[in-house]
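In what follows, a structure is listed as structure tokens, so that the remarks can point back to it.
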Amino acid sequence: MQVPLANIERWLSQGRLHKSPLLQWRSRLQEAQQSDESMRNLLAFLRADNADSETLKSCSPFVGLLSQTELDELNQRPCISLDLMELDEGLLRKSFAAWQRVFGNQRA
């Protein structure tokens, strides 16, 4: 959670015009650190496919989680499917490792 929270604080200190999404993200991330149930709620929110979640997710603080090499590998693919069954094993491992760097060993 350190990377997204640091991103939020940096962006807020830069005087962002629209602070509301950043404040909402900060609240959600800090709450998720308090209990397993709160973490499950955050993970459910991140997986949700609805107008409420998509609006906030369009201002995601999760930049910086993947290395430049990982980003380059993703950008070389013509189309990235969100279906995990279609990801090759190496990319799946890298994605999971990035997720663990942020969220530790929390399970949904």
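Quick note: the coordinates plus some simple rules give every number you see, no bench work behind them. All figures in this text were calculated on a predicted structure; none of them were measured in a lab. Here the Cβ is made from the backbone with ideal geometry for all residues, glycine too, and neighbour counts use every protein chain on show.
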Exercise. Once phi is turned into ³J(HN,Hα) by the Karplus curve 6.51 cos²θ - 1.76 cosθ + 1.60 with θ = phi - 60°, what whole-Hz value does each residue of the stretch 10-20 show in order, with x for glycine and proline?
Worked result: 5, 5, 5, 5, 7, x, 3, 5, 9, 8, 3
Problem set entry | For Lys19, distant residues with modelled amide H under 5 Å away | none
For this session: Determine ³J(HN,Hα), in whole Hz, for all residues of the stretch 33-44 in sequence, where each value follows from phi through the Karplus function 6.51 cos²θ - 1.76 cosθ + 1.60 and θ = phi - 60°; x replaces Gly and Pro.
Result: 6, 7, 7, 4, 4, 5, 5, 4, 5, 5, 4, 5
Problem set entry | Protection proxy ranking of 63-72, 21-30 - average other beta-carbon atoms within 10 Å, highest first | 21-30, 63-72
